[in-house]
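Data first, discussion second: the structure below is written as structure tokens.
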Amino acid sequence: MPTPNYSFRTAGSGSWNSLSTWEMFDGTYWVPSDSIPNGLNGGTITIRSGHFVSNNSQNIDADQLVVENGASIFISEGTLHILEGTGTDLICDGTLNINTGSIVCDGTTEFTGNSSFNWGGMTHVGGTGTINVQPGCSFSINNNNDHALEGGVVLNNFTECDFSSSGMFTIIDGSVFNNYGVFNISNSGNFNSTPTNGTFNNMAGGQLVKSGA
């Protein structure tokens, strides 16, 4: 069984649900994994630099997930569920791409200044936790389909977010988008929310810029 600290890491690129994608720490050495990380069966889950991991249209659970600089994870059709645990539950120094899928964050997610967060169309970002997009992160809400911020999640944007979709961006379920950075509207997309259902706050120092719409 994996030890409770730094338990799983990628052995190479591949599907999250493939054993060949993972190594686990047996207490002395990194060895081929005999189980799939799920946020409950170990400690830190690390996607290493140079490796690409896909959910392969499946639902996956994670806690203490680290996406290293130069690594990437792609979510399509299924859900990445970030569980609430000790400390930061997802640290992304690399790239997270989501398209026609969902992220449910019930803990804390940090996108660092080295990272890229590409939020594609027909997607849902939700949960009961907090998502912080730090200064320097490349943050794009793109693809000409709809996007939803839901479930009560709080998203704090400290970087420049490019909203380039022509679809609807809906904030529901009491979710909140706090803009401390720049929110650049560069296409013909629309917002849909009400004060009792969802809120977009342009905070002190935040900028709303309509550049191409």
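Of note:
- All other residues whose Cβ lies under 13 angstrom from that of Ser115 are scored, Lys and Arg at +1 and Asp and Glu at -1, for a net of -3.
- Stretching Asn114 away from Asn197 to a fully extended chain increases their span by 26.6 nm, per 0.36 nm per residue minus the current alpha-carbon distance.
- When the Cα positions of Ser18, Phe163, Phe200 are compared along the charge dipole of the chain, Phe163 comes out farthest toward the positive end, with charges on each C-beta of Lys, Arg, Asp and Glu.
- The chain - accessible surface per residue (Å², probe 1.4 Å): 41
- Within the chain: Cβ-based charge dipole about Cα centre, in debye rounded to nearest 20 (Lys, Arg +1; Asp, Glu -1): 420
- The Cα center of segment 134-157 and the Cα center of segment 56-109 differ in position by 14 Å.
- Taking a ≥ b ≥ c as the square roots of the eigenvalues of the alpha-carbon gyration tensor, segment 148-197 is classed oblate because a/c is 1.5 or more while a/b is no larger than b/c.
- Listed values for segment 82-95 are Karplus-derived 3J(HN,Hα) couplings in whole Hz (6.51 cos²θ - 1.76 cosθ + 1.60, θ = phi - 60°), namely 8, 7, 7, x, 6, x, 7, 8, 9, 10, 10, 9, x, 10, and x replaces Gly and Pro.
- Accessible carbon and sulfur surface of the chain relative to its total accessible area, %, 1.4 Å: 47
- Inter-label distance, Val31 to Leu19: 1.3 nm, where each label sits 7 Å from its Cα along the C-beta direction.
- Structure-derived semi-axes √(5λ) of the Cα gyration tensor in Å - corresponding label in (1) 32, 16, 15; (2) 27, 23, 16; (3) 32, 23, 16: (1)
The values are calculated or read from the model by the stated rules, or taken from the named source; none is laboratory data. Because the structure is predicted, anything quoted here is derived from the model rather than measured. Methodologically, a virtual Cβ is constructed for each residue, glycine included, from the backbone with ideal geometry; neighbour enumeration extends over all protein chains shown. For accessibility, only protein heavy atoms count, side chains too; no ligands or nucleic acids. Shrake-Rupley method; radii C 1.70, N 1.55, O 1.52, S 1.80 Å.
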